[in-house]
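Participant: Before we start, here is the structure in question, set down as structure tokens.
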Amino acid sequence: MANLKPFDAINIESAEDFFYLESVLKKSKITAAVIIEDLLAFKVIQHISALGYAVPQNISVISFNNTIFSTLAHPYITNIDINIDLLAKYSLKYVIEQVNGRKSHGVKFVVPHKIIENESVITLSDNKAS
């Protein structure tokens, strides 16, 4: 993976967290961000764009769930579509079983997923704005 190093997670829950994100972007050579859900990815793209960063030319953005928020504005957000309907179905099944008295210490199951490549990513070798 081109000697890429993962950066520690940044929890964005308040305005101060966006200021921290700004300081991280200034100090590091981050090339991509994986964001937990589409609405937050949309907000992060707005924020970093206001700081002068271009998505995907300066930083690629990938999110989860493939909701309507991923295509509200350009660049459309690349997604890992985790089949939220199937996840909800299995989750509800196990909640009902617990309500009906079945003891559970957690359940693992694999939800099919696929990558929906949109406009928010670029190949590192294509990145002219290094």
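Taken together, the values in this text are just the output of simple stated rules run on the coordinates, not laboratory data. Bear in mind that the values here come from a model prediction, so they are computed numbers and not experimental data. Using ideal geometry, Cβ is built from the backbone for each residue, glycine included, and neighbour counts are taken over all protein chains shown.
Participant: Taking every DSSP beta bridge that has both residues in the chain, what percent is antiparallel when rounded to the nearest 5?
Facilitator: On the way: 3 of 9 bridges.
So the antiparallel bridges amount to about 35 percent of the total.
Participant: Do the sum for the chain: with -39,500 (n - 2.57) for every DSSP H run of n ≥ 4, divided by all residues, what is the mean residue ellipticity at 222 nm, to the nearest 500 deg cm²/dmol? Walk me through the intermediate numbers first.
Facilitator: Working: 3 runs with 42 residues, N = 130.
Using -39500 (n - 2.57) per qualifying helix, the result is -10500 deg cm²/dmol.
Participant: Which pairs in the list K43/K89; K27/K114; K5/K27 are over 23 Å apart, alpha-carbon to alpha-carbon?
Facilitator: Values: K43/K89 29 Å; K27/K114 33 Å; K5/K27 15 Å.
Pairs exceeding the cut-off: K43/K89; K27/K114.
Participant: Rounded to the nearest 10 degrees, what's the angle between the helix 84-99 long axis and the longest principal axis of the chain, both from Cα atoms, 0 to 90?
Facilitator: The answer is roughly 40 degrees.
Participant: Ordered by packing density, taken as the mean number of other Cβ atoms within 10 Å over each peptide's residues, highest first, how do 46-54, 3-11 rank? Could the numbers behind the result be given before it?
Facilitator: Values: 46-54: 13.7, 3-11: 8.7.
Those peptides, ordered most packed to least, come out 46-54, 3-11.
Participant: Something else: Report the trypsin sites (Lys or Arg not before Pro) located in the stretch 1-78 that are in a DSSP loop and have at most 16 other Cβ atoms inside 10 Å of their Cβ, or state none. Please report the intermediate quantities before stating the final value.
Facilitator: Details: sites: K26, K27, K29, K43; in loops: K29.
The qualifying sites are K29.
Participant: Can you spot the lysines whose alpha carbon is less than 20 Å from K93's alpha carbon? Ignore those fewer than 8 places along the same chain.
Facilitator: Result set, ordered by chain and number: K103, K108.
Participant: Rounded to the nearest 20 debye, what is the charge dipole size of the chain about its Cα centre when +1 sits on each Lys and Arg Cβ and -1 on each Asp and Glu Cβ? List each step's numbers first, then the result.
Facilitator: Numbers: 12 positive and 13 negative charges, 87 e Å.
Result for the chain is approximately 420 debye, rounded to the nearest 20.
Participant: Another question, if that's okay. How do L25, L86, L92 rank when sorted from fewest to most other Cβ atoms within 10 Å of their own Cβ? Could you put the intermediate results ahead of the total?
Facilitator: Values: L25 18, L86 13, L92 10.
Going from least to most buried by this count: L92, L86, L25.
Participant: Also, I was wondering about something else. Could you please rank V107, V61, V99, placing first whichever residue has the fewest other Cβ atoms within 10 Å of its Cβ? Intermediate values should be presented prior to the final figure.
Facilitator: On the way: V107 11, V61 24, V99 8.
Result, fewest neighbours first: V99, V107, V61.
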